[in-house]
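Okay, so here's the structure we're looking at.
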Amino acid sequence: KNSVKCCTQSNFVWPRISFCFQLEAIMVEMQDPKSGVKGSEQKLNVTTIPHVIAGKDIVAWVAEKMKITAEEAQAFSTMLVAYGYIYPLQNHKKLVMCNDDTLYRFQTPYFWPTQKYCAEDTDYAIYLTKRNIRKKGMLEPYEQAHYNHLHDWLNHKWDFIVMQATEQYKAGKERKKADRVVFDCQERAYWIVNRPPVCICHSSVKHFVVRCNIFYQQAIMRSKVKSSVSLGALVKYITTYKNHDPFLAPCVPSNPWQTDNDTYWTLNMRRVELPTKMRVERWSFSLFELLSDLRGRDDFKIFLKKEFSGENLAFWEAAEELKWGTASSMSSKAESIFKTFLAPGAPRWINIDGRTMGLTVKGLEHPHRYVLEAAQTHVFLLMKKDTFFRYLKSPVYKDIQKKALNPDPAQLEANANNRGAGIHPIILWQQEEEEKAKAAAAAAPVDVKAMMNKLDRKK
C-alpha cells in the first residue's frame, strides 16, 4: 500500500512490494558481519564515517553470491542504488553503482521502501527548510525550485513547517559530528530517490509520465455519451445488420460450404450483372457499404455520370489506389492525381476548401501513401451528406432494386437434403498412397532376368 502511495506522490515508480521484500532479504545478507561485504572507516572531508564500502567490493560480492557475470552484478547493484538501499557518499546525485573505488554506504532500514511511510510534501518541505537553515539559504537549484513551490503550496501551515525544521536542526546539533553527518547523508539519499532532480530522473519514468499526460488529455477531450444513447445505437446497428450476419441468418439459397450447391457464390460475384436483393439493400446502409461493394460502386458511378459529378468518386478511387498501391508507382500516381484533380484548370478539378487544398498540394511535394488522406476524407463527407441520399431516391437505385434477384428460401432445405455423401479422409489417404506406389513402381527400372524367370515358372 505504501509503495502505491509513493508511486503516486513522487516522480519515482516503485516496484511491487513483494519484489522489495526480496531485495531487502539480499540486503540483510550483504550486511552480515561474517559473510557480507566488509566495510571500513573512511574520512569524508575531516569527518570519519564508519561502515563505508567500495563499489567494486559490492559488485564482486553480488557476482559471487548470485553466480553471475560482473556486468550483470553491476546492473543489479545499480538497481539497489536506484531503489535507495545503497547510497553514494561523494556524488549523491549519481544513482549508479561504479565498479571501482567509489565509496558507498548501506541505507538504514528506516528509509527502506517497506519500512518508511510514503514521502509526503510536508516532510519534504521540513527537510528543505532544515537544509535552508543549515546552508544559510544556499540550496541547490532544483532544491530551491522545490522549496519555492512548496512554500506557495503549503503556505497555510508554513509556520508549523518552520517550527519543525528548527527543532530538528537543534536536535541534530546535539549529536556527535560523525552521527550527524551520517544521518544527513541518509536523509539526503532518501529524498534524492523520492524527489529526484529533473536531470537525473529516469528516462523511462519521463516517458511513462508523458504517456499518462497524453492519455488523460485525450480522455478529457473525448466526447461523453449517455449509456442509453450508446445502447440505442447498438440496438439499431444489430437490428439493421441481423439479416446480413452469416451467423444469425442462413445463406440463401444454401451455404456452399455445407452443400454441393455453389449458387450463392455465383450470385454474389464481385461484378455480377444482377445482384441479389439482400446485396442491394446493404448498399443503403451507408456510403461505406456502397463503395466497398464493387457492383454497388459501378451503379453509383452510373448515377454520378447522369448528375455530371463523377469527379469526387474518381478522386476517391485514385486516393485509394495511391494508398494501397506499390511504392515504386507512388510518385507517378501522385503527379497524375495532381494534374487531373488538384491543379488550377485541371480537367476534373474537385471543389474542396482552401486549407485542405493547400495542405494537400504542399504534401504532394514529398508524396507518401497517406498524403491525400485529408482531401479524401473531405470528398467522402461531401458525397455522404449530399450525393449518397440523392442516389437512394434516384431512378437508378430503384431500378436496380426491382431487377435484383431474390433466391427462393425453399431451396435451402432441398439443397441440404441433396448433399452428396463425403469420402472419409482415411480412405482418401489410402487411395493417394496406392497411386504413389503405382507411380513409383512404373518409374522403377525393369529387371528382364527376373521377369523371364517368373514366366518360366508359370509354364
Once label points are set 7 Å from the Cα along Cα→Cβ at both Lys301 and Leu248, what is their separation, rounded to one decimal in nm?
3.3 nm
Other-chain or far-sequence residues with amide H under 5 Å of Leu44's (modelled H):
Ile49
Can you tell me the accessible area per residue over the chain, all protein chains present, probe 1.4 angstrom, in square angstrom?
65 Å²
In whole angstrom, note down how far apart the Cα centers of segment 162-189 and segment 275-294 are.
79 Å
Which value results when the Cα radius of gyration for segment 103-176 is divided by 2.2 N^0.38 Å?
1.21
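Among the trypsin sites (Lys or Arg not before Pro) in segment 210-314, which ones are in a DSSP loop with at most 10 other Cβ atoms within 10 Å of the Cβ? Mind listing them? Walk me through the numbers before you get to the answer.
Values: sites: Arg211, Arg222, Lys224, Lys226, Lys236, Lys242, Arg270, Arg271, Lys277, Arg279, Arg282, Arg295, Arg297, Lys301, Lys305, Lys306; in loops: Arg222, Lys224, Lys226, Arg270, Arg271.
In loop regions of segment 210-314 (DSSP not H, G, I, E or B), the sparsely surrounded trypsin sites (Lys or Arg not before Pro) are Arg222, Lys224, Lys226, Arg270, Arg271.
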Normalise the Cα radius of gyration of segment 41-170 by 2.2 N^0.38 Å (N = residues in it) and let me know the number.
1.28
So I have [x] 0.95; [y] 1.25; [z] 1.05, and one of them is Rg/Rh (Cα atoms, Kirkwood Rh) calculated from this model. Which one is it?
[y]
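May I ask you to list the GluC sites (Glu not before Pro) in segment 19-53 that are in a DSSP loop and have at most 15 other Cβ atoms within 10 Å of their Cβ?
In loop regions of segment 19-53 (DSSP not H, G, I, E or B), there are no sparsely surrounded GluC sites (Glu not before Pro).
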With +1 assigned to the C-beta of every Lys and Arg and -1 to the C-beta of every Asp and Glu, and no other charges, what is the dipole magnitude of the chain about the Cα centre in debye, to the nearest 20?
580 debye
Tell me the Kirkwood hydrodynamic radius of segment 194-333 in angstroms, computed as one over the mean inverse distance between distinct C-alpha pairs.
20.7 Å
Excluding residues on the same chain fewer than 8 positions from Lys157, give the lysines whose Cα lies under 28 Å from its Cα.
Lys1, Lys5, Lys116, Lys130, Lys135, Lys136, Lys170, Lys173
In segment 71-166, the trypsin sites (Lys or Arg not before Pro) that fall in loop regions by DSSP, at most 14 other Cβ within 10 Å:
Lys93, Lys94, Lys136
Could you work out the helix-only [θ] at 222 nm for the chain, with each DSSP H run of four or more residues adding -39,500 (n - 2.57) and the total divided by the number of residues, to the nearest 500 deg cm²/dmol?
-18000 deg cm²/dmol
Aspartates and glutamates near Lys384 by alpha-carbon distance under 14 Å, same-chain residues fewer than 8 away left out - which ones?
Glu289
Please list, or write none, the lysines whose alpha carbon is within less than 29 Å of the alpha carbon of Lys449, excluding same-chain residues fewer than 8 places away.
Lys436, Lys438, Lys458, Lys459
Could you sort the peptides 330-336, 160-166, 121-127 by per-residue average Cβ neighbour count (10 Å cutoff), highest mean leading?
121-127, 160-166, 330-336
Amide H neighbours of Met97 at under 5 Å, excluding residues fewer than 5 places away on the same chain, with H built from the backbone geometry, are Thr78
Within the accessible area of the chain, what % is carbon and sulfur when the probe is 1.4 Å and the other protein chains stay in place?
58 percent
Contact order relative to length of the chain, as percent, for alpha carbon pairs under 8 angstrom and 6 or more apart:
12 percent
Can you pull the one-decimal nm distance between simple spin-label points at Gln168 and Asp101, each 7 Å off the Cα toward Cβ?
3.5 nm
Amide H contacts under 5 Å for Tyr87, placed H, 5+ residues apart
Arg105, Gln107
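The values are calculated or read from the model by the stated rules, or taken from the named source; none is laboratory data. Worth saying up front: this structure is predicted, and the values here are computed from it rather than measured. Don't worry about glycine lacking a Cβ; one is built from the backbone with ideal geometry, like all the others, and counts go over all protein chains shown. These area figures cover heavy atoms from the full protein model, side chains too; ligands, DNA and RNA do not enter into them. Shrake-Rupley method; radii C 1.70, N 1.55, O 1.52, S 1.80 Å.
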